[in-house]
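The values are calculated or read from the model by the stated rules, or taken from the named source; none is laboratory data. Bear in mind the structure is a predicted one, so any value in this text is a computation, not a measurement. Glycine also receives a Cβ, built like all others from the backbone with ideal geometry; neighbour counts cover every protein chain displayed.
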Amino acid sequence: MRTPTFTLVTAFVLFSPAGMRRARAEQMTGKAIIAEAERTALAHFDHMKWDFRHRSWVHGAFWAGVVDLSKVSDNPKVREALEKFSRSRGVRHIGIGALKLREKDPHHADDMCVGQTFLDYYVRTKDPKVLADTRRRAGEVADYILSDDAAAKAARFDELGTHDSLTWSWIDALFMAAPLHARLTTVTGDPTYLESMIVEWKRVSDNLYDEEEHLYYRDKYFLGKRSRNGKKVFWSRGNGWVMGAFAHALPYIPKDHPQRPWFVNQFREMATKLASIQHSDGTWSPSLIDYRHFPYSEMSGTAFFCFAMAWGINNGILDENTFRPVVENAWAALLAARTEKGFLGYVQGVGAEPAGVQADSWGTYGNGAFLMAATQLSKMAPVERRSAPRLSAALPRRRR
């Protein structure tokens, strides 16, 4: 191995004021980052009393984070929880068995989210029974997306109702379903799943992506809508779902696929825009371009943006010199936002548009996003652990 030469340039970098500051900055190792994620995951398992029957999108997003964590953690409780979740029967009022999706609406993307975890379980077990229900449901959706009826409705987007023209008519759906479709093609060799994902994502983009702002409207209702300050309304977590979808779907779009450059380009566009509107505390407002309306440090969107940008750096899609400071600032905010139990606080509650944030408010999906972010940060390690920022939230609700 060639020994590096100690040059005058090296000395200048090391002993300049900036270099000295970097040398003194606290660094987090990959092991330390994983430990933070394990703390959150184990606390959440305990919070659920190890009862893992729920199949909603809220829980699907959390388990997607657990799957990510399981790739870097050797804590046996993480794998034990995944095994138990995959084998647990669904909640009784739905009456579904293990490894089955909710059937509230066969084409509803929210009900597909837990399929990402079941698919990971199949990859480990190779048991065809594990894949059966997920493949059947995704196949029905794929066939419909590629049908003439779906194409005709998408062409009438302007005249049809909010949820009548697109199968995935709200951008959250991209996270819930797109990665599942993309990976199913990799696992099964059937191109229909990936093809349908690309067709539907581009339909969503054609109608809900703002080419000037490089952000997505949550759904048709927000097209032309303005905040009280006259700003376009782009929901932080909604765009977080999209960025998370890129990070979970792009690994399964082949490098030589003719549509891959379109996905990479839009991912970069969004990342660049988001980096430009990150606030000094490392977070993003619930309403991305109207901080005056919602001057809060919202963490579910922040966690997804941190996760996706870190993934982009790790996979050579985003420039590290440009985006590492953005990611590290977001990571400092995520650590500062956690509750005493280790849950991610400052999380906007379930909703569909920007809203207020409470400092002690957390959500199952927020903890899942934290696990995703931590997993990617561990791969970037060592990571600078910056000073905890001062976060902003709405005043606590009055107790009656």
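Summary table
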item: The one condition in (1) over 30 Å from Tyr217 (Cβ atoms); (2) at pLDDT 95 or above; (3) not aliphatic (A, V, I, L, M) that Ser147 fails to fulfil; result: (1)
item: Residues of region 294-327 classified as acidic (Asp, Glu) and over 21 Å from Gln348 (Cα atoms), total; result: 2
item: Among the candidates Gly316, Gly282, Gly345, residue that is closer than 16 Å to Gly240 by Cα and either at pLDDT 95 or above or within 19 Å of the chain's Cα centre (by Cα) (or both); result: Gly282
item: Members of region 192-223 found to be under 13 Å from Ile145 (Cβ atoms) and surrounded by fewer than 21 Cβ atoms within 10 Å (Cβ to Cβ), listed by number; result: Thr192, Glu195, Val199, Lys202
item: Residue match in region 20-35 (condition: exposed (fewer than 14 other Cβ atoms within 10 Å of the Cβ), modelled with pLDDT of 95 or more and not polar (S, T, N, Q)); result: yes
item: Tabulated pairs, region 327-342, first under 14 Å from Gln278 (Cα atoms), second part of a strand (DSSP E or B) and aliphatic (A, V, I, L, M), C-beta under 9 angstrom, 6+ apart or interchain; result: Val327/Val383; Glu328/Val383; Trp331/Met28; Trp331/Val383; Leu334/Leu344
item: Among the residues listed as Phe323, Phe305, Phe267, the single one being in a helix (DSSP H, G or I), of a type in the set (Phe, Trp, Tyr) and within 28 Å of Thr188 (Cα to Cα); result: Phe267
item: Which numbered condition Arg136 misses (of (1) of a type outside the set (Ser, Thr, Tyr); (2) under 14 Å from Tyr193 (Cβ atoms); (3) exposed (fewer than 14 other Cβ atoms within 10 Å of the Cβ); (4) in contact (Cβ under 8 Å) with a residue 24 or more places away in the chain); result: (4)
item: Selection status of Ala182, under 28 Å from Trp331 (Cβ atoms), touching a Ser or Thr at 6+ places or on another chain (Cβ under 9 Å) and either among the acidic types (Asp, Glu) or outside any loop (DSSP other than H, G, I, E, B) (or both); result: no
